[in-house]
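These notes concern the structure reproduced below.
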Amino acid sequence: MAAGTSSRMGQNKLLLKYKSHTIIEEVLHQLSNSSIDNILVVTGYENKRMERLITKNLKNKVRIVHNSNYMFGRSESIKCAIRHSGNNTDAILFMVADKPTITGELVNKAIEEFKQHMPAILYIKTPSGRGHPIIFSKKLFPELLSLEGDTVGEKLIARHKAEVVELEDEQVQMDINTKEDYKILLESIRLKE
């Protein structure tokens, strides 16, 4: 999901430099190095800029869909992804594009755990709470298509509590929303070098 306006950052955070490319390219790189079947990028705000970058550097690895209703919240991007996922889709793994520290390895663990237990919902439980990726079974697609706003995951998790699998991960997931978050992200890279 790459449709937000980056209002707290003051500029498009997904296009900020991270390692040798941008934040969104890092997220897509990690996803493309996982066992995920298809990658669908849902754009919204500054979609032309985003699509040029993705098409230039990752055109063979992803499919892009524009969400013209992105200003109405995360649920609109989820609906857009479901509508473009195809009839043979058994589940959708959602990732936000502003968490570049999530690895393809973690995505693979989530997919393996989902396939083993086949829950309605699987999400990552981090030391700071619920993280990404989050996987929804096809049986929840009708409910996802009816939700509104930004807190769709929380609502469905509460509603289907008995059918939820939590996959614990000790890594802190950095959510890049502000300039301070971005500084911390860049400092974490320097400390690892």
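The values are calculated or read from the model by the stated rules, or taken from the named source; none is laboratory data. Since the model is a prediction, treat every value here as computed from it, not as a measurement. So basically every Cβ, Gly included, is an ideal-geometry build from the backbone, and we count neighbours across all protein chains shown.
Among the residues of region 50-106 satisfying the criterion of being assigned to a loop (DSSP other than H, G, I, E, B) and among the acidic types (Asp, Glu), which is nearest to Lys19 (Cα to Cα)?
Only one residue fits best here, namely Asp98.
Taking into account only those residues within region 37-87 that are surrounded by 15 or more Cβ atoms within 10 Å (Cβ to Cβ) and among the small types (Gly, Ala, Ser), which is modelled with the lowest pLDDT?
Gly73
For region 2-26: of the residues being surrounded by 23 or more Cβ atoms within 10 Å (Cβ to Cβ) and in a loop (DSSP other than H, G, I, E, B), which is modelled with the lowest pLDDT?
Ala3
Can you find even one residue in region 116-137 that is touching a Pro at 6+ places or on another chain (Cβ under 8 Å), outside any loop (DSSP other than H, G, I, E, B) and surrounded by fewer than 21 Cβ atoms within 10 Å (Cβ to Cβ)?
yes
Pull up region 88-115, narrow it to residues that are surrounded by fewer than 19 Cβ atoms within 10 Å (Cβ to Cβ) and of a type in the set (Asp, Glu), then point me to the one that is farthest from Val164 (Cα to Cα).
Result: Glu105.
Suppose we keep only residues that are of a type in the set (D, E, K, R) and closer than 16 Å to Leu156 by Cβ within region 63-79. Which one would you say is nearest to the chain's Cα centre (by Cα)?
Arg74
Do we have any residue at all in region 33-43 that's in a helix (DSSP H, G or I), under 18 Å from Ile135 (Cα atoms) and touching a residue at least 24 places away in the same chain (Cβ under 8 Å)?
No, that holds for no residue.
For region 155-193, which residues satisfy the criterion of being at pLDDT below 90 and outside any helix (DSSP H, G or I)?
Gln171, Val172, Gln173, Met174, Asp175, Ile176, Asn177, Thr178, Glu193
Quick check on my filter: what residues within region 138-173 are within 25 Å of Ile189 (Cβ to Cβ) and either under 16 Å from the mean Cα position of the chain (by Cα) or surrounded by 17 or more Cβ atoms within 10 Å (Cβ to Cβ) (or both)?
Asp169, Val172, Gln173
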